[in-house]
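Enquirer: Okay, handing you the structure first.
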Amino acid sequence: MAELNNIAPVTIGERIVALDLIRGIAVLGILLANVTAFGHGDLAYYWPPALPDGGSAADRAMWLGQFVLVDGKFRGLFTLLFGAGLVLFVERAGADRRALVLQVRRLGWLALIGVAHFTLLFHGDILFAYACGGVFAVFALQLGAMRLLVLGVVWAAVGGALQLLAYATPMLIELGGANGQGDAVEYYRQFWQDRLAHDAQAGQLLAQGTYWDVLRYRIIHQSGLLLSYFNYAFLETIPLMLLGMGLYRSGIFANRAVSDPWRKWAWAGLVAGLALNLAAGLLVWSRGFPPYLTQGIFFGFSNLANIPLLLGGTVLLARWAARPHGGWLAERLVLAGRMALSNYVGTSLVMVLVFHGWAGGLFGTLHRGEMLLVVLLGWGLMLSFSRAWLARFSQGPLEWLWRCLTYWRWFKLKR
């Protein structure tokens with residue numbers, strides 16, 4: 001392993017500012033998407049009737065807005081950027097066996113960070129899935145841009161279709177398009193009642209239990225979710241990483257390949273994705289949010305609609321980010337993107353302190369509109385903390401730890 005000591009990590013001056021800027025936007029958007037999962041049981045994340053008093057009209061309207069513009073979009077953008085980072089890491093480390101060893105080691109440590117984040121703070125962790133998906137995505141590093149993009153689109157479409165098909169039978173029953181008699185109706189009704197009871201039990205623990213109660217519950221009853229995240233990586237994470245790798249290889253983030261044809265197709269994909277999501281969201285709303293239809297649209301159909309949306313939106317965002325930007329907001333977004341890992345995990349800590357019963361005690365009490373105030377608090381902390389930290393240190397705290405573990409060397413942190 002001594003030969004790995006000759007490989008040096010990227011310096012501040014070698015960073016691609018456009019990637020940091022977009023990453024900063026993505027990590028802020030992820031908080032907006034996740035705040036409902038921090039403040040309520042799992043069902044409220046996608047099913048408005050699980051909110052206080054069965055959810056208000058404003059809750060339903062905000063659900064529609066978030067479904068169309070936020071949910072799955074910023075996580076998807078973050079995943080695309082992670083895929084671009086896989087290519088960037090290998091380019092900087094050298095395209096040989098040493099770079100692959102470092103990459104796998106880097107992903108292994110990320111998996112452990114994800115497990116710690118999952119166990120200690122938030123069961124909705126994405127880092128473990130990124131690490132698992134990244135191990136498989138690195139085998140596609142030898143592919144060219146177009147092959148990566150085609151493979152990513154096809155894989156993402158198949159993954160979205162499989163998730164949609166998983167809800168096909170109960171969705172058809174709810175829509176009246178399948179035989180709704182007998183055992184099938186009773187099975188799905190009872191299954192949903194069990195979900196409601198389980199969600200209520202878990203919510204009561206988070207609202208009233210101690211931190212150690214929550215930790216014990218997560219280890220004993222929720223650790224199996226990590227396996228489902230591993231499986232989910234094959235349906236969504238890996239194909240989106242491939243798309244990010246393909247976009248990076250196309251020169252999108254360096255603004256080299258964003259010609260007029262790219263821009264036209266990007267706008268077409270963005271508009272088509274938004275229109276499909278809006279139509280699906282309105283269908284769910286008009287039906288009064290049937291549980292299985294809501295899940296099928298939220299977890300299945302949206303993944304299909306998000307493919308053109310993410311591709312088009314990322315191209316347009318990259319074109320904008322590659323230009324020179326002044327002003328305090330762009331500067332702080334770049335800094336927040338430079339320490340996105342620390343901000344992502346740090347936000348979970350703040351949300352735990354705000355919502356859990358043993359701390360801030362707001363769990364299960366706020367409507368979606370009220371939770372926007374908590375989001376603004378989180379955004380303010382990320383933007384201000386990133387600037388204050390990076391004025392004194394070369395990296396975010398978790399980025400520095402991750403780098404030291406990856407290269408198995410001690411790097412200076414203070415500027």
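The values are calculated or read from the model by the stated rules, or taken from the named source; none is laboratory data. It should be emphasised that the depicted structure is a prediction, and the values quoted were computed from it without experimental measurement. So basically every Cβ, Gly included, is an ideal-geometry build from the backbone, and we count neighbours across all protein chains shown.
Enquirer: Quick check: is even one residue across the stretch 346-355 more than 21 Å from residue 127 (Cα to Cα) and touching a residue at least 40 places away in the same chain (Cβ under 8 Å)?
Expert: There is at least one residue in the stretch 346-355 that is more than 21 Å from residue 127 (Cα to Cα) and touching a residue at least 40 places away in the same chain (Cβ under 8 Å).
Enquirer: Listed residues 333, 341, 366; which is of a type outside the set (Phe, Trp, Tyr), crowded, with 20+ Cβ neighbours inside 10 Å, within 15 Å of residue 27 (Cβ to Cβ) and touching a His at 6+ places or on another chain (Cβ under 9 Å)?
Expert: 333
Enquirer: Just to verify a result, which residue in the stretch 107-136, among those that are touching a residue at least 60 places away in the same chain (Cβ under 8 Å) and in contact with a Gly (Cβ under 6 Å, 6 or more places away or on another chain), is farthest from residue 244 (Cα to Cα)?
Expert: Looking at the filtered set, the residue picked out is 125.
Enquirer: What about residue 287, is it closer than 26 Å to residue 24 by Cα and surrounded by fewer than 18 Cβ atoms within 10 Å (Cβ to Cβ)?
Expert: Values: closer than 26 Å to residue 24 by Cα: no; surrounded by fewer than 18 Cβ atoms within 10 Å (Cβ to Cβ): yes.
In short, no.
Enquirer: Taking only pairs six or more apart or across chains, which ones have beta-carbon atoms under 7 Å, a first residue in the stretch 377-391 that is surrounded by 14 or more Cβ atoms within 10 Å (Cβ to Cβ), and a second residue that is small (Gly, Ala, Ser)?
Expert: Cβ pairs passing all conditions: 382/336; 383/336; 386/336; 389/396.
Enquirer: Here's another thing I want to ask about it. So which residues in the stretch 344-361 are surrounded by 23 or more Cβ atoms within 10 Å (Cβ to Cβ) and among the β-branched types (Val, Ile, Thr), if there are any at all?
Expert: Hit for the stretch 344-361 is 347, nothing else.
Enquirer: Another question, then. Take the residues of the stretch 1-58 that are polar (S, T, N, Q) and under 25 Å from residue 399 (Cα atoms): which is modelled with the highest pLDDT?
Expert: 34
Enquirer: Considering only the stretch 343-375, how many residues are touching an Asp or Glu at 6+ places or on another chain (Cβ under 6 Å) and either of a type in the set (Lys, Arg) or part of a helix (DSSP H, G or I) (or both)? Let's see the steps before the verdict.
Expert: First pass over the stretch 343-375, keeping only residues touching an Asp or Glu at 6+ places or on another chain (Cβ under 6 Å): 367-368.
After this cut, where a residue has to be either of a type in the set (Lys, Arg) or part of a helix (DSSP H, G or I) (or both) as well, the list is 368.
Count: 1.
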